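Input: a single structure, listed below in C-alpha cells.
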Amino acid sequence: VGHTVTQGSDGNLYGTTGCCGTTEHGSVFKITPGGVETQLYAFPTTGSNGNEPYAGLVQGSDGNFYGTTYLGGANGFGTVFRVTPAGTETVLYSFAGGNDAANPYSGLIQASDGNFYGTTAGGGAHGYGTIFRVTPGGAQSVLYSFPSGGSSPYAGLTQGSDGNFYGTTLCCGSSEHG
C-alpha cells in the first residue's frame, strides 16, 4: 500500500501507516523539516474509531487533517476521520456496508464546495464500490454505486476545472481491465 505524505500549512509532513504504530493497527504521524517524527494518533485494536488507514491525509480548509480507514468504525466497514495537528482524532462517519459505502481504500479530496469526496472498494447498491460525499460535520451521501461493469475504485478522485470528479477503477469496463 503506497501512502503519501501531506505537507501541512505549518511546514511539517503528515501521513498515515496502515499497520504498525503502538497498536499495530495504523497511526497518524508528523515529521518536522528537521526529520523528527512524532506519532500523533494510534488507531485502536478494537472499538469504533476505525483502523488500518490505507491512504494519506488531506489538510482541510480548517487546518485539520482528514482521512479514511479501511476497517473498523461502528460497523466494521471503515471510517472517515478528522485529526487535529495536535493528534485529537474524531470519527466523522462510520460506513455501514450493504447499500451504504464500505471499505475505503483511497483518501479524500476537499472539493471547491468545502465537502470531502472519496471512493470505496465495496458497498453500494450493487456491492462493487461507491463514490461518496462527507460534509465537514459528518453527514454522508452515496453519490454513485458502481455496477459490475465498472467496479473496484481503489484510487481516489480528482476535481477537474469543470467542477466534475474524475477517477479510475481496478477492473471491469468494456475491456474488463478497468
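The values are calculated or read from the model by the stated rules, or taken from the named source; none is laboratory data. Everything numeric here is computed off the predicted structure, so don't read it as measured data. Note: ideal-geometry Cβ built from the backbone for every residue, glycine included; neighbour counts use all protein chains shown. Please note that ligands, DNA and RNA were not included when accessible areas were found on the heavy atoms of the full protein model with its side chains. Shrake-Rupley method; radii C 1.70, N 1.55, O 1.52, S 1.80 Å.
For Tyr144, the residues 5 or more places off, or on other chains, whose built amide H falls under 5 Å of its own are Ile131. Listed values for the range 137-142 are Karplus-derived 3J(HN,Hα) couplings in whole Hz (6.51 cos²θ - 1.76 cosθ + 1.60, θ = phi - 60°), namely x, x, 7, 10, 9, 7, and x replaces Gly and Pro.
What is the antiparallel percent of DSSP beta bridges lying wholly in the range 22-178, to the nearest 5? Could the numbers behind the result be given before it?
Working: 36 of 38 bridges.
Bridges in the range 22-178 that DSSP calls antiparallel: roughly 95 percent.
Could you grab the relative contact order for the chain? Cα pairs under 8 Å, six or more apart, rounded to a whole percent.
Rounded, it is 12 percent for the chain.
In sequence order, the range 116-131 has phi-based couplings of 9, 10, x, 10, 10, 7, x, x, x, 4, 10, x, 10, x, 9, 10 Hz under the Karplus curve 6.51 cos²θ - 1.76 cosθ + 1.60, θ = phi - 60°, and Gly or Pro positions carry x.
If I compute percent of Cα pairs over 24 Å apart from the structure I just sent, which labelled value in (i) 39; (ii) 33; (iii) 65 lines up? After the calculation, the listed value that fits is (ii). Remark: the range 143-148, residue by residue, has Karplus-estimated 3J(HN,Hα) of 8, 8, 10, 6, x, 5 Hz, where x stands for each Gly or Pro and the curve is 6.51 cos²θ - 1.76 cosθ + 1.60 at θ = phi - 60°.
With every protein chain kept in place and ligands, DNA and RNA left out, what is the accessible area per residue of the chain? Probe 1.4 Å, answer in Å².
On the way: 7840 Å² over 178 residues.
In whole numbers, the chain has 44 Å² accessible per residue.
In a reduced charge model with +1 at each Lys and Arg Cβ and -1 at each Asp and Glu Cβ, the chain shows a dipole moment near 80 debye about its Cα centre.
How large, in percent, is the carbon and sulfur part of the accessible surface of the range 74-178 at a probe radius of 1.4 Å? Could the numbers behind the result be given before it?
On the way: 2370 of 4620 Å².
About 51 percent, which is the carbon plus sulfur part of the accessible surface.
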